[in-house]
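This report refers to the structure that appears directly beneath it.
The values are calculated or read from the model by the stated rules, or taken from the named source; none is laboratory data. Please read all numbers here as calculations on a predicted model, not as lab measurements. No Cβ is skipped: glycine too gets one built from the backbone with ideal geometry, and neighbour counts run over all protein chains shown. Please note that ligands, DNA and RNA were not included when accessible areas were found on the heavy atoms of the full protein model with its side chains. Shrake-Rupley method; radii C 1.70, N 1.55, O 1.52, S 1.80 Å.
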Amino acid sequence: MSDLAAEPLKLIALDTDDLSVISAHLQDAVLKRGDIAYLPAEKRFALALRRFDWEGAAQGQKRRRLSALHFERVTAARSTKIAAGDAVLSLLAVTFTGSDDPAGQVTLHFSDGAAIRLDVECIEAQMKDLGPIWEAVATPAHPDAG
């Protein structure tokens, strides 16, 4: 049986459907504030994440891998409740809210109410696995909210 989950992912998002696929693959990815970069002169926002490999989990394997996510055509970036220092951020979802088609806001939603909102001219994002796979300590869990 081949280990398809071990194949590195390279995904591009140009619309909300594409972005939802990237969001699903990055659910429960972890990072620190130092893994985030906004380059206003280049209109680029980038982050390095350690994503949980949900495809591998479906085959009974608990692992993480280093991935990068970047957005182009970013005109502004704002954050809420992003702690200074080495606090670990857990990414829950990436969403898009349109404002003046095709422009809008991409929001990266983190646990504990933290968020980063990007004003974008349009959706133009890429997620790419960068390197090694390693064994995860645990499988992320989401207790029912109700």
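Cα extents for the range 91-133 along the principal axes, largest to smallest and rounded to whole angstrom: 40, 26, 11. The distance between label points at ASP100 and ASP15 comes to 2.3 nm (points 7 Å beyond Cα on the Cα→Cβ vector). Residue separation of GLN59 and ARG44 scaled by 0.36 nm, minus their Cα-Cα distance, works out to 1.9 nm of gained length.
Cross-link pairs exceeding 21 Å between alpha carbons, from the set LYS62/LYS128; LYS32/LYS128; LYS43/LYS81: LYS43/LYS81.
Sorting ASP15, ASP119 on solvent-accessible area from highest to lowest, probe radius 1.4 Å, gives ASP15, ASP119. The orientation-averaged projection of the convex hull spanning the C-alpha atoms of the range 62-102 amounts to 5.0 square nanometres. Relative contact order, whole percent, for the range 31-146 stands at 29, derived from Cα pairs under 8 Å and 6 or more residues apart. Of the trypsin sites (Lys or Arg not before Pro) found in the range 55-135, those that fall in a DSSP loop while having at most 15 other beta-carbon atoms within 10 Å are LYS62, LYS81. Calculated [222 nm] ellipticity per residue, helices only, for the chain: -3000 deg cm²/dmol; basis is -39500 (n - 2.57) per DSSP H run with n ≥ 4, divided by all residues, nearest 500.
Here the alpha carbons of the range 1-87 define both size measures, Rg and Dmax, at 14.7, 47 Å. Surface composition of the chain: carbon plus sulfur atoms hold 53% of the accessible area, using a 1.4 angstrom probe and ignoring ligands, DNA and RNA.
For VAL88 and CYS122, the FRET efficiency from 1/(1 + (r/R0)^6), where r spans their Cβ atoms and R0 equals 25 Å, is about 0.20. Probing with 1.4 Å while keeping every protein chain in the model, the per residue accessible area of the chain equals 55 Å².
Average projection, convex hull of the Cα set of the chain: 9.7 square nanometres.
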